[in-house]
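Right, one structure below, let's go through it.
Any read-out appearing in this document is the output of simple, stated calculations on the displayed coordinates, not a laboratory observation. Since the structure is predicted, the reported quantities are computational estimates derived from the model, not experimental observations. No Cβ is skipped: glycine too gets one built from the backbone with ideal geometry, and neighbour counts run over all protein chains shown.
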Amino acid sequence: MFESLKKKLQSALHLISGNSRITRGNISEAVKNIRRILYQSDVNFKIAKEITEKIEEEAIGTEVHVSLNPEQVFTKIVNDNLIQLMSCGNHNLILSDKTIILLIGLQGAGKTTFAHKLAKYVKDKFNKKPLLVACDIYRPAAIEQLEILAKDNGLDIFKEEKEKNVNKIIKDSIDFSTKNGNNLLIVDTAGRQTVDKDMMSELKNITDNFKITESLLVLDGMIGQTSVEIAKSFNEIVNITGVVLTKMDGDSNGGVALSIAKSINKPIKLISIGEKINDIEEFHPDRIANKILGKGDIVTLVEKIENESKRLKDDSSYTSKLNYIKLKEYIESLENIGGTKRVIEMLPLNDNIDENAIESNSTHIKKTKYIIDSMTPNERKCFSKLDLSRKKRIARGSGTKVEDVNKTIKLFERIADVQSKLKGKNMFQIINDLKNGKL
Ligand SMILES: Nc1nc2c(ncn2[C@@H]2O[C@H](COP(=O)(O)OP(=O)(O)O)[C@@H](O)[C@H]2O)c(=O)[nH]1
Ligand SMILES: [Mg+2]
């Protein structure tokens, strides 16, 4: 996420390094660069001009304390301004006793996929019992798509395949939710290829007739500034309460995330970062600014890890010694968090990351799972030493090579070593200690 924006901005900020003071001269070039980078990233001309003027003005007026270097001070000014740019009202989801969330947007924006992620998110985080309501009645496959994804993820769904009146479906779904004990409705509406009158009047009709808690506009983060125009059109007809940006895992240049709030005066509430059910993140302007400026997003990482530790039921077993069963569970947790690459993205690493090393690491981690699956129950519990003949058998069974098995053993030993040094703490406790400043 934001990879190219991040790289470019960091090099602009480096222009300040080596100077003992911030002066009009040395910041003007950096600011010019930042403005150019923002244009290239699809930030609207006027917004880019305003924010960079503000950054320049603040930087010139800043006295640099002797213990800080000008680059740090300048980075802080850019950081504060990015946060301000993305901030707009309440970024949290509004929930009530009987919440109705309407998902609107063009076809292909990611509404249906997002509906499930949102349902899982409110279920896990707020203990809600969501009901997915199928209101895309025009595409025959749309209801089926919603239904399959709901079934895969154990989510409740309401559909009326023959009904052609969307308001009637919503009314019936509300009645059904009362009987079924659902306290949050997620209404998946029909999109069109472009903004058109029929779609808008259908949406207006819904918002006129029901007490909608949140009307969330789902926008494809890959389509750049066009999304601002789309957002404006939707906002004129339906008073949207927030924005969801999807496909933020792709090569999006980040401009929409930076400028949509200022363009339409509505907050981004959530973002979608992939096609899997857990690929959903809250939108916190400060965390995003940190990410863009290469300071990582430790808070989101810790939250994801905490969710994972909740998911693993037998938490107490984690305090005991490492074995291969636990190693496999760690790996699965890592995958749920988003995989090695995403975890590294969330860490505050300033240096350029070696993409090839991450790739080979990820491949090995996948192999490790197959290798552990091919072990006998006793081997998994580390009750038997892995001699060459056992290694050969495991490699054959997992479709890997003996050297891969050796790599897995090394990985196991490294983790076990770190754990013993940290007095038998598991990785969740280590992260928690880090968060609480205990390590
Ligand atoms: N990579 C990626 N693909 C996504 C994301 N969200 C949705 N998609 C894909 O985008 C396509 C359209 O999504 P869909 O939910 O059917 O869009 P809808 O027409 O608005 O309901 C599907 O192929 C999804 O798998 C995302 O965050 N990342
Ligand atoms: Mg859909």
**Request:** Identify, among Thr207, Leu93, Thr189, the residue whose Cα sits farthest towards the positive end of the charge dipole of the chain, taking +1 on the Cβ of Lys and Arg and -1 on the Cβ of Asp and Glu, with the dipole about the Cα centre.
**Result:** Leu93
**Asked** Assigning unit charges at the beta carbon (Lys, Arg +1; Asp, Glu -1) and nothing else, what dipole magnitude in debye, to the nearest 20, does the range 11-52 show about its Cα centre?
**Response** 140 debye
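How much net charge surrounds Ser259 when only other residues with a Cβ under 10 Å from its Cβ are counted (Lys, Arg +1; Asp, Glu -1)?
+1
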**Item:** Unsatisfied cross-links (Cα-Cα over 24 Å) in the set Lys179/Lys266; Lys197/Lys232; Lys262/Lys341
**Value:** Lys179/Lys266; Lys262/Lys341
**Of every Cα-Cα pair in the range 99-292, the percent that sits beyond 31 Å** = 12 percent
**Order of Phe234, Phe176, Phe412 under a 10 Å beta carbon neighbour criterion, fewest first** = Phe176, Phe412, Phe234
**Request:** Give, rounded to the nearest 20 debye, the magnitude of the charge dipole that the chain has about its Cα centre when Lys and Arg contribute +1 at Cβ and Asp and Glu contribute -1 at Cβ.
**Result:** 1420 debye
**Item:** Percent antiparallel among DSSP beta bridges (both partners in the range 99-292, rounded to 5)
**Value:** 10 percent
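May I ask you to derive the relative contact order of the range 3-84, considering only C-alpha pairs under 8 Å and at least 6 residues apart, and to give it as an integer percent?
Rounded, it is 36 percent for the range 3-84.
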**Request:** Beyond 41 Å, what share of the Cα-Cα pairs of the chain is found? Please give it as a whole percent.
**Result:** 29 percent
**Fill in**
Expected max-MSF residue from Leu106, Leu388, Leu327 in the GNM of the chain (alpha carbon, under 10 Å) is Leu388
**Asked** Which aspartates and glutamates have a Cα less than 15 Å from the Cα of Lys76, not counting those fewer than 8 places away in the same chain?
**Response** Glu56, Glu57, Glu58, Glu63, Asp286
